[in-house]
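The values are calculated or read from the model by the stated rules, or taken from the named source; none is laboratory data. Predicted model, so just to flag it, every value in this text is computed and none were measured. Please note: Cβ atoms are built from the backbone with ideal geometry, for glycine as well, and neighbour counts cover all protein chains shown.
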Amino acid sequence: MQIRTTPETSGKTGRGENAVTCFTPGTMITTTTGRCAVNHLQPGDRVLTRDSGFQPVVWIGQRTCSAATQRSDPAQAPILIRAGALGPGLPAQDMIVSPRHRFLTTDPALLSALNETEALVEARALLGRPGISRTAPARQTYVHVLFDRHEIILSDNTWSESFRLDRINTQALIQDRETQVLAHFAPQGDQPAELQPPARTCLPCRDTAA
């Protein structure tokens, strides 16, 4: 499959939520050949995952979010995570992600209501912690990395999620007419509401706000 760039987007769902979950250019992803900037990944490259070893990339997508959109809706501004903000060497460098991009957490304070040792937490839920803040409005490119299943991958030395075909993202691909991707996951032409279950429990943002 080819790398595809979709038109500039507000990143909103019908409910007005910022639904884009992805990396930004320069994020370093661990592959079989070493660390590679996410914007240089190609379909077929094998990326280190937490659960499945090295897995091939199925599809790479890109879209942009304008500065005007971020000014009109500040909740859509990307999240800056300074080097070391998540722990020593985590991330290894300053990292910018979309507000709803999720990171793997083992923090007991966040997991107290769950009978689990790991979960996924949105970047926006970490706002207010030292070294984590929204960026100033500026045109931003987002990069999606899709696998056969939802994966947790090593990005800037932190474990965070791949692009997941949940209900919102599946509908976005249908609207963008990404027929090759949809056919890969639903070869009979069926379009289920959700093509990929989450790799871990996804913590609701309201329950994890700092």
*Confirm whether Arg177 is surrounded by fewer than 16 Cβ atoms within 10 Å (Cβ to Cβ), modelled with pLDDT under 95 and part of a loop (DSSP other than H, G, I, E, B).*
yes
*Of all residues in the stretch 121-151, which are aliphatic (A, V, I, L, M), within 23 Å of Arg35 (Cβ to Cβ) and surrounded by fewer than 22 Cβ atoms within 10 Å (Cβ to Cβ)?*
Ile132
*So, in the stretch 184-210, of the ones that are hydrophobic (A, V, I, L, M, F, W, C) and at pLDDT below 75, which residue ends up surrounded by the most Cβ atoms within 10 Å (Cβ to Cβ)?*
Ala186
*strands (runs of 3 or more DSSP E) (entirely within the stretch 16-111) containing at least 2 residues that are more than 17 Å from Ser160 (Cα to Cα)*: 59-65
*Restrict the check to the stretch 117-127 and report whether at least one residue is of a type outside the set (A, V, I, L, M, F, W, C) and modelled with pLDDT under 95.*
yes
*Which numbered condition Leu104 fails, given (1) surrounded by fewer than 17 Cβ atoms within 10 Å (Cβ to Cβ); (2) within 29 Å of His184 (Cβ to Cβ); (3) of a type in the set (A, V, I, L, M)*: (1)
*Which residue, of Gly89, Gly84, is small (Gly, Ala, Ser), surrounded by 14 or more Cβ atoms within 10 Å (Cβ to Cβ) and under 26 Å from Arg35 (Cα atoms)?*
Gly84
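Which residues, taken from the stretch 135-156, are more than 16 Å from the chain's Cα centre (by Cα) and basic (Lys, Arg)?
So the first thing to find is which residues in the stretch 135-156 are more than 16 Å from the chain's Cα centre (by Cα), and the list is 135-139.
Matches in the stretch 135-156: Arg139 only.
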*Given the conditions (1) of a type in the set (Lys, Arg); (2) crowded, with 22+ Cβ neighbours inside 10 Å; (3) without any contact (Cβ under 8 Å) to a residue 60 or more places away in the chain, which single one is not true for Arg167?*
(2)
_Test: residue in the stretch 115-122 that is in contact (Cβ under 8 Å) with a residue 24 or more places away in the chain, touching a Cys at 6+ places or on another chain (Cβ under 8 Å) and of a type in the set (Asp, Glu)_ = yes
*In the stretch 128-142, is there at least one residue being on the phi > 0 side of the Ramachandran plot and not hydroxyl-bearing (Ser, Thr, Tyr)?*
yes
*Identify all residues within the stretch 112-159 that are closer than 19 Å to Gly84 by Cα, of a type outside the set (Val, Ile, Thr), in a loop (DSSP other than H, G, I, E, B) and touching a Leu at 6+ places or on another chain (Cβ under 9 Å); write none if there are none.*
Arg129, Gly131, Asp156, Asn157
*asked:* Can you list residue pairs whose Cβ atoms sit under 8 Å apart, with the first residue in the stretch 30-45 being within 11 Å of Val145 (Cβ to Cβ) and the second being assigned to a strand (DSSP E or B) and among the small types (Gly, Ala, Ser)? Count only pairs 6 or more apart in sequence or on different chains.
replied: Val38/Ser155
*When you look at Glu8, is it under 22 Å from Phe103 (Cα atoms), at pLDDT below 95 and of a type in the set (D, E, K, R), yes or no?*
no
